[in-house]
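Here is the structure we will look at, set down as structure tokens.
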Amino acid sequence: MSETLGDLAPYFFQTGYVVREVDVAEEWFQRVMGVPSFFRMENVAFGEGCSYRGRPADAVAHLSIGYLGETQIELIESVRGPSIYTEFLERKGPGLHHLAFAVPDFGASVAALREAGRGASRLSKAKRRAAAKRVRDAIESLPEAHRVVLILRDIEGVDTAETAKLLSVKPNLVKVRLHRARQALRNLLEPHLRESLS
Amino acid sequence: VTCQELVEFLAAYLETDLGPAEAEEFERHMAMCEDCRNYVETYQKTVALEREAFEDPSATVPSGVPEDLITAILAARKQQG
């Protein structure tokens, strides 16, 4: 019950990085960090049994595994999304994506960590609810053609090609509208962005 | 790369639509320009906030498609002719 990430330390084995190009990242880890070698698996499909944001996932990635001392390094280059990796790359850019723990009882550890996280999230619930409403209102105020693209791409996780098909427009127009919509939203939210960044 | 170009091609950069040489130029500019770093940071934060805004903190599953979305999609289609 009182499980924390600290209790999981003995089971820690891997740090995972989302990268743009796995061969460039491999070279960097070898040259700078002294990882002796990498084992690469190309076009690994996350299909059957995987889901992404409530939908069946159909994602492909190149994965590369190496060792920095005792720690396994996993490099992940997304080939096709959407997936947790494309989402991470879009939100944060390339970088440290996860720590992996090989625990004896997966279900018990998940439940314990969920319980540990619950207290922290309860504290700021009202604040978060107000912030969420502010964002939804700002999205609501965008021109419709932009709003639709933003919702499909960013919130529903539909990819560019699929969104273009859905709206009967060129993929490039989807990209332009998405960028414009995000810029407009960013400007609307700007006064509140600083505080939520800190 | 100028600041204006960076802002214009930011989405392409984040979606890795740019070639490696262009991406590198982007990163060089960002390393030198605090304004652009701030812009990129707030842009990415905006995208993150969008998602959070539709995740009900009390629900275990994400809330569904906004009801007016289907109508809006149809309207957007019609607009294209």
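Okay, residues lined up against (1) in a strand (DSSP E or B); (2) in contact (Cβ under 8 Å) with a residue 24 or more places away in the chain:
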position: A:L5; (1), (2): no, yes
position: A:T15; (1), (2): yes, yes
position: A:R20; (1), (2): no, yes
position: A:E26; (1), (2): no, yes
position: A:G34; (1), (2): no, yes
position: A:F39; (1), (2): yes, yes
position: A:N43; (1), (2): yes, yes
position: A:G49; (1), (2): no, no
position: A:V60; (1), (2): yes, no
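A quick yes/no check of all residues on (1) loosely packed, with under 13 Cβ neighbours inside 10 Å; (2) under 13 Å from the mean Cα position of the chain (by Cα); (3) under 21 Å from B:Q44 (Cβ atoms):
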residue	(1), (2), (3)
A:A45	no, no, no
A:Y85	no, yes, yes
A:L89	no, yes, yes
A:K92	no, yes, yes
A:G95	yes, yes, yes
A:H98	no, yes, yes
**Complete:** Exactly one of A:L113, A:L89 is at pLDDT below 95, in a helix (DSSP H, G or I) and within 23 Å of A:E156 (Cα to Cα), and that residue is A:L89
**Request:** Could you list all residues from the stretch A:22-60 that are closer than 30 Å to A:L152 by Cα, modelled with pLDDT of 95 or more and touching a helix residue (DSSP H, G or I) at 6+ places or on another chain (Cβ under 7 Å)?
**Result:** none
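Kindly indicate which of A:R180, A:R186, A:R128 is surrounded by 19 or more Cβ atoms within 10 Å (Cβ to Cβ) and part of a helix (DSSP H, G or I).
Answer to the check: A:R186.
Please give the helices (runs of 4 or more DSSP H) falling wholly within chain B in which 3 or more residues are facing chain A (nearest Cβ under 9 Å) and modelled with pLDDT of 90 or more.
By residue number, B:34-53.
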**Fill in**
If we keep only residues of the stretch B:4-19 that are more than 15 Å from the chain's Cα centre (by Cα) and closer than 19 Å to A:A181 by Cα, then the residue surrounded by the most Cβ atoms within 10 Å (Cβ to Cβ) is B:E5
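Looking at A:L173, A:L150, can you tell me which residue is in contact with a helix residue (DSSP H, G or I) (Cβ under 6 Å, 6 or more places away or on another chain) and either more than 7 Å from chain B (Cβ to nearest Cβ) or open to solvent by less than 20 Å² (accessible area, probe 1.4 Å) (or both)?
A:L150
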**Item:** Criterion violated by A:Y67 - all others in (1) surrounded by fewer than 18 Cβ atoms within 10 Å (Cβ to Cβ); (2) under 30 Å from A:W28 (Cα atoms); (3) touching a helix residue (DSSP H, G or I) at 6+ places or on another chain (Cβ under 7 Å) satisfied
**Value:** (3)
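The values are calculated or read from the model by the stated rules, or taken from the named source; none is laboratory data. Given the structure is predicted, the values throughout are model-derived calculations rather than measurements. Here Cβ is always computed from backbone atoms with ideal geometry, including for glycine, and neighbour counts include all displayed protein chains. Remember, those area values only see protein heavy atoms, side chains included, never the ligands or the DNA or RNA. Shrake-Rupley method; radii C 1.70, N 1.55, O 1.52, S 1.80 Å.
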